[in-house]
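Undergrad: Take this structure, written in structure tokens, and hold onto it; I'll ask about it next.
The values are calculated or read from the model by the stated rules, or taken from the named source; none is laboratory data. All values derive from a computational prediction rather than experimental measurement. Positions of Cβ are generated from backbone atoms using ideal geometry, with glycine treated the same way; all protein chains shown enter the neighbour counts. We work out accessible area using only protein heavy atoms, side chains counted, and drop any ligands, DNA or RNA first. Shrake-Rupley method; radii C 1.70, N 1.55, O 1.52, S 1.80 Å.
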Amino acid sequence: MGNPTDHLWMHFTRMSSYQDAPVPTIVRGDGAYIWDSEGRRYLDGLAGLFVVNAGHGRTELAEAAAKQASELAYFPIWSYAHPTAIELAERIAALAPGDLNRVFFTTGGSEAVESAWKLARAYFKRVGKPMKHKVVSRHIAYHGTSMGALSITGLPGIKADFEPLVPGGIKAPNTNFYRAPEHGDDPVAFGRWAAEEIGRAIEREGPETVAAVFLEPVQNAGGCFPPPPGYFERVREICDAYDVLLVSDEVICSWGRLGEYFGAQRYGYQPDMITTAKGITSGYSPLGAMIASDRLIEPFLHGTESFAHGITFGGHPVSCAVALANLEIFAREDLVGHVRANESAFRATLEKLYDLPIVGDVRGDGYFYGIELVKDRTTRESFDDAESERLLRGFLSGALFAAGLYCRADDRGDPVIQLAPPLIADQTQFDEIEQILRSVLTEAWQHL
Ligand SMILES: Cc1ncc(COP(=O)(O)O)c(C=O)c1O
């Protein structure tokens, strides 16, 4: 038998890393744990990839998929419908905030983001503002990899190879308070400043050319930047003032991750669209959605008008059936309430790590945290590229995994460890995470 990587082209992966080393191969999951092909157990500290919210090994989700596939494996939602898509759209509309009543299914997050940008452009063409086409997003934010979504993404490192991108992707500052360039001692003033920067970006570009602002409730890339108090309130006002749509990209932040069904509900703002995916099925089948307000579908409801956009597998019957069964679990076990009840214990447990000199900042909300690592806690000095490479890729990722914790050591911004366990996790898993991080980070400090 050849090497497993002879044919499998892994995503965002340095293939050379596995020429002489085995690829970690995960074969089974149960609850908050996964097992590899050697029979070793790991705590799934990232819910796969912010996906497996209800936890692994839910046979009722597998059964829902099997039942739907036996009954009707596939039919498109192009001019026809099927019962699970109808029922799921109704369910999502009931859970989504305000008048976000229109559900456009996709197969994943990038397609949801892509669909939202296309809808923003098509909508403004129909209401007599055809120049509105640009989008504002934040520095080092991740919004997906298809060409449109990639143009909204703010990570230079994953864009360079694919230039030129779709024109019209404008960047504004993110809400990294730990590294605030202004108002570093006052979160309210910082939030105000960061929101106003979005307004200034719109002004610079010309409000008549800007269609939408794409923001995650908590920005993932860079390591969990929650919104400062008042931030979204001010962003909403700015969007209203310039007639710019506010898109809440909740591919990670919905389905309980932040202790609400949607992140916008947690921070009390009303978006014009929500993009979602990942946890909607807890990963038992792929699905995404763009959820739009009544206002945005209105121009497409009359005469010969239609939104000229679709995806063969968007709203796949099996995925919709799985999502419905997943939402049944959410309701029955009150997973969202479980996150709310336990999030402060999760935070408190992670904050114990502040006694390690390498831990600069512990930040996040719900079951979604980033731990920023620093060389000097007093000055907040970060690691240079070579140190970061040695620390994160050379040591931490492997050492955490070897110690039984699957999570992500990320350096797309400053070096961070990202944590987002399945929502069923409780103090037992929090303690396990803390203990493994403590021992591995202590060793990492000695390596420096
Ligand atoms: C906020 C956000 N938007 C979009 C995406 C893209 O989703 P997908 O990988 O399903 O295409 C992601 C993926 O992690 C994401 O985190």
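Undergrad: Taking ALA403 as the residue in question, decide whether it is without any contact (Cβ under 8 Å) to a residue 40 or more places away in the chain, in contact with a helix residue (DSSP H, G or I) (Cβ under 7 Å, 6 or more places away or on another chain), open to solvent by less than 60 Å² (accessible area, probe 1.4 Å) and among the small types (Gly, Ala, Ser).
TA: Here the answer is yes, as ALA403 does meet what is asked.
Undergrad: Also, I was wondering about something else. Which ones in the range 362-393 are of a type in the set (Gly, Ala, Ser) and loosely packed, with under 15 Cβ neighbours inside 10 Å?
TA: Matches in the range 362-393: ALA386 only.
Undergrad: Assuming LEU46 fulfils every condition listed in (1) within 30 Å of LYS159 (Cβ to Cβ); (2) exposed (fewer than 14 other Cβ atoms within 10 Å of the Cβ) apart from one, which condition is it?
TA: That leaves (2) as the condition not met.
Undergrad: Residues SER306, SER282, SER254: which one is assigned to a loop (DSSP other than H, G, I, E, B) and open to solvent by 10 Å² or more (accessible area, probe 1.4 Å)?
TA: SER306
Undergrad: Mind counting the residues in the range 30-51 that are free of Cβ contacts under 8 Å to residues at least 40 places away in the same chain and within 22 Å of the chain's Cα centre (by Cα)? Walk me through it before giving the result.
TA: Keep residues of the range 30-51 that are free of Cβ contacts under 8 Å to residues at least 40 places away in the same chain, which gives 30, 33, 35-39.
If we keep only those that are within 22 Å of the chain's Cα centre (by Cα) too, we end up with 33.
Qualifying residue count for the region: 1.
Undergrad: Identify, please: which residue in the range 339-349 is farther than 13 Å from PRO421 by Cα and in contact (Cβ under 8 Å) with a residue 24 or more places away in the chain and is, among those, surrounded by the fewest Cβ atoms within 10 Å (Cβ to Cβ)? Spell out the reasoning first.
TA: Residues of the range 339-349 farther than 13 Å from PRO421 by Cα: 340-341, 344-345, 348-349.
Cutting the leftovers down to in contact (Cβ under 8 Å) with a residue 24 or more places away in the chain gives us 340, 345, 349.
Values: ARG340: 16, ALA345: 13, THR349: 20.
Only one residue tops the list, namely ALA345.
Undergrad: What are the pairs with Cβ atoms under 8 angstrom where one residue, in the range 1-29, is under 24 Å from GLY157 (Cα atoms) and the other, located anywhere, is among the aromatic types (Phe, Trp, Tyr) and exposed (fewer than 10 other Cβ atoms within 10 Å of the Cβ)? Sequence gap at least six, or different chains.
TA: Listed pairs, sorted by first residue: MET15/TRP9.
Undergrad: Being more than 30 Å from ARG347 (Cα to Cα), at pLDDT 95 or above and open to solvent by less than 40 Å² (accessible area, probe 1.4 Å): is that true of ALA292 here?
TA: yes
Undergrad: Now for a different question. If I filter the range 215-231 for residues that are open to solvent by 60 Å² or more (accessible area, probe 1.4 Å) and either touching a residue at least 40 places away in the same chain (Cβ under 8 Å) or more than 16 Å from the ligand (Cβ to nearest atom) (or both), do I get at least one hit?
TA: Within the range 215-231, one or more residues are open to solvent by 60 Å² or more (accessible area, probe 1.4 Å) and either touching a residue at least 40 places away in the same chain (Cβ under 8 Å) or more than 16 Å from the ligand (Cβ to nearest atom) (or both).
Undergrad: Against the condition within 16 Å of the ligand (Cβ to nearest atom), open to solvent by 30 Å² or more (accessible area, probe 1.4 Å), in contact (Cβ under 8 Å) with a residue 12 or more places away in the chain and in contact with a Lys or Arg (Cβ under 9 Å, 6 or more places away or on another chain), how does GLY169 come out, does it pass?
TA: Criteria met by GLY169.
Undergrad: Hey, among ALA54, ALA69, ALA64, which residue is surrounded by 19 or more Cβ atoms within 10 Å (Cβ to Cβ), away from the ligand (no atom under 16 Å from the Cβ) and in a helix (DSSP H, G or I)?
TA: Being surrounded by 19 or more Cβ atoms within 10 Å (Cβ to Cβ), away from the ligand (no atom under 16 Å from the Cβ) and in a helix (DSSP H, G or I) holds for just one of ALA54, ALA69, ALA64, which is ALA64.
Yes or no, residue by residue, for (1) open to solvent by 40 Å² or more (accessible area, probe 1.4 Å); (2) touching a Phe, Trp or Tyr at 6+ places or on another chain (Cβ under 6 Å):
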{"site": "GLU182", "(1), (2)": "yes, yes"}
{"site": "GLU208", "(1), (2)": "yes, no"}
{"site": "ALA212", "(1), (2)": "no, no"}
{"site": "ARG234", "(1), (2)": "yes, no"}
{"site": "LEU245", "(1), (2)": "no, no"}
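Undergrad: If you don't mind, another one. Restricting to the range 257-279, and then to whatever is open to solvent by less than 10 Å² (accessible area, probe 1.4 Å) and in a helix (DSSP H, G or I), can you tell me which residue is farthest from the ligand (Cβ to nearest atom)?
TA: So in the range 257-279, the residues open to solvent by less than 10 Å² (accessible area, probe 1.4 Å) come out as 257-259, 262-264, 271, 273-277, 279.
Remaining after also requiring in a helix (DSSP H, G or I): 263-264, 279.
Details: GLY263: 10, ALA264: 13, GLY279: 11 Å.
Among those that are open to solvent by less than 10 Å² (accessible area, probe 1.4 Å) and in a helix (DSSP H, G or I), it is ALA264.
Undergrad: Of everything in the range 96-117 that's open to solvent by 50 Å² or more (accessible area, probe 1.4 Å) and not in a strand (DSSP E or B), which residue is nearest to the ligand (Cβ to nearest atom)?
TA: GLU111
Undergrad: Could you check the range 118-151 and list, in sequence order, the residues that are touching a helix residue (DSSP H, G or I) at 6+ places or on another chain (Cβ under 6 Å), within 12 Å of the ligand (Cβ to nearest atom) and not in a loop (DSSP other than H, G, I, E, B)?
TA: The answer is SER137, GLY148, ALA149.
Undergrad: Right, next: For SER397, are the conditions met, namely being of a type in the set (Gly, Ala, Ser), modelled with pLDDT under 95, on the phi < 0 side of the Ramachandran plot and out of contact with any strand residue (DSSP E or B) (no Cβ under 8 Å at 6 or more places or on another chain)?
TA: Criteria not met by SER397.
Undergrad: Additional query: Do you know which residues across the range 373-416 are among the acidic types (Asp, Glu), part of a strand (DSSP E or B) and under 18 Å from the mean Cα position of the chain (by Cα)? Walk me through how you get there before you give the answer.
TA: Looking only at the range 373-416, we keep the residues that are among the acidic types (Asp, Glu), and these are 376, 381, 384-385, 387, 389, 410-411, 414.
Imposing the further condition that a residue be part of a strand (DSSP E or B) reduces the set to 376, 381, 410.
ASP410, the sole residue that qualifies.
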